[in-house]
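Have a look at the structure below, then the notes.
The values are calculated or read from the model by the stated rules, or taken from the named source; none is laboratory data. Since the model is a prediction, treat every value here as computed from it, not as a measurement. Reconstructed Cβ throughout: ideal geometry from the backbone, glycine too, with neighbour counts over all protein chains shown. Heavy atoms of the whole protein, side chains included, go into the accessibility calculation; ligands, DNA and RNA do not. Shrake-Rupley method; radii C 1.70, N 1.55, O 1.52, S 1.80 Å.
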Amino acid sequence: MITGLTEEQKSRFPEFVDKWIKIGLSTEPADRPKSEECIKHLYKLAELEEPKIVWAPCPLSGALTASVLFNLKKFSTDLPVRSAVYSAIYSAVDSVVYSAVYSAVDSVVRSAVYSAVYSAVDLAVYSAVYSVVRSAVYSAVDSAVDLAYWGGSLWAAYTAWTDYFSLVLKINIDRTYLDLVQSCGVLYTFRKLVVMTERPELISISNNRLHNEREAALKYRSGWCLYALNGVVVPDWLVLTRSEEINPRDLLKLANAEQRREFVRKVGIDRICYSLKAKCLDNVGNYELLLLDLGDGRKRPYLKMLNPSIGTWHVEGVPPGCDTVEKALNFRKPNAMKSIMIDDAGEDWYQQGDVCIWPKNAKSLKPLPTILT
Amino acid sequence: MKKLEKPVLAEGEVTGHAHVLEDPTIEVFEGENGLREFQTESPTRVVHEEHNPIEIPVGNFTSGKVLEFDHFAEEARQVRD
């Protein structure tokens, strides 16, 4: 049993972090022969029939291809291949590694690659693919394709961890899954079918977030791409239009709060307030209740507020007639919370961004969150 | 109430970022009204990629998303992020 790591073994953490971030962010074309060889081996490991392999140029076309084929053939997603691969790896590690060692490698190697690749890229790809798939296909197909999703190179975090155990601690692990992650992009695995996809042609990262102020931040050779600012996928015009050419009024057309945040960051809160003839009705701390000119003869209240964690401004609508910050904040509470009495001696509650958390059976709550981040 | 696969209180649609209970053993249930409920047996943190963590004490909790008013659709709705 391995119960601890030597200093020399610990000193090799950065090597595996760097290696797998590079693999996770690779923009090389897929190594198709290698990928196919690996996936066939993994199906064999799981005692499954060799699958038919179909290639698609990007995760979106892969998901749509998988949707169509699933709908035609009803390929099963009840697939033991993932669990077979994981159990082969984990049982090999668990049998010889003490949990403290496991945690030490996990917290340094896996988490660093996770932040740089999975959080930065895979989550955006997954969300973008499924927003299209959900609207394009039946929900049964959507959930089947969801189950079939494997991140390929974008799931490099767990392979970084596995690679360390394999090469540094000399644990005998079947390395086929590591080879697969090194050779292709996202894949969709069904019984008898695998839809494999290419890696991106361009990945633009800043501070571990998808970000490009001039062009798409993530681009595939198929032409499918995502525009992103500071990790938020945004409409292309918000990236491609120069700040001074953007009409500040377009802020109010964006339905998504994170996209509005990036709009405010790009255009500037002062220019938006000036252009929308903002009139301050009330202010408390980092909150300012503004009356904005919608451009159609109406003036309506919006709450301007600061994200205290990252220092960015948000502007969100509140109902007509709201004329104080207190009323605006009360309106913003989830409906179930509004029925609970407000009392200075009430129970504590918490708010993280747009999520409120309160004691389930509270009879009364404090007027403001005890912790706000 | 539907038990969720992961202890997630809310997911973002354009970032994939999520408000997540750091203790993976906590079970989160979602009601038809979209509210999520969970129980903590020791203090646990809620983490998110773009907000500082918050620590939740021991107890039974409900979580829900804040509202905003869309002046063009003239309706209140949950904030989408």
Give the longest segment of chain A that steers clear of chymotrypsin sites (Phe, Trp or Tyr not before Pro) in DSSP loops with at most 14 neighbouring Cβ atoms within 10 Å, not counting the sites themselves. A:139-373
Output the pairs from A:Lys40/A:Lys170; A:Lys360/B:Lys3; A:Lys327/B:Lys65; A:Lys338/A:Lys366; A:Lys40/A:Lys192; A:Lys277/A:Lys299 with a Cα-Cα distance over 21 Å in this structure; if there are none, say none. A:Lys40/A:Lys170
Potential lengthening between A:His41 and A:Ser364 on full extension [0.36 nm per residue; Cα-Cα distance subtracted]: 110.3 nm
Whole-percent carbon and sulfur contribution to the accessible surface of chain B (1.4 Å, no ligands, DNA or RNA) stands at 45
The distance between the Cα centres of segment A:15-44 and segment B:1-46, in whole Å, is 32
Accessible area of chain A divided out per residue, in Å², using a probe of 1.4 angstrom: 44
Explain nothing, just the number: dipole magnitude of segment B:2-78 about its Cα centre with +1 on each Lys and Arg Cβ and -1 on each Asp and Glu Cβ, in debye rounded to the nearest 20. 200
Between A:Asn172 and A:Asp296, the two model label points (7 Å from Cα along the beta-carbon direction) sit apart by a distance in nm of 7.1
List the aspartates and glutamates whose Cα lies under 12 Å from the Cα of A:Lys363, skipping any in the same chain that are fewer than 8 positions away. A:Asp343, A:Glu347, A:Asp348
Calculate, in nm to one decimal, what A:Tyr102 and A:Asp348 gain on full extension: separation in residues at 0.36 nm each, minus their alpha carbon distance. 84.9 nm
Indicate, rounded to the nearest 5 percent, the antiparallel portion of the DSSP beta bridges found entirely in the protein assembly as shown. 85
Compute the FRET efficiency between B:Thr40 and A:Asp94 as 1/(1 + (r/R0)^6), taking r as their Cβ-Cβ distance and R0 = 35 Å, and round to the nearest 0.05. 0.80
Can you give the extra length, in nm with one decimal, that the chain gains between A:Tyr287 and A:Thr324 once fully stretched, where that is 0.36 nm per residue apart less the Cα-Cα distance? 12.3 nm
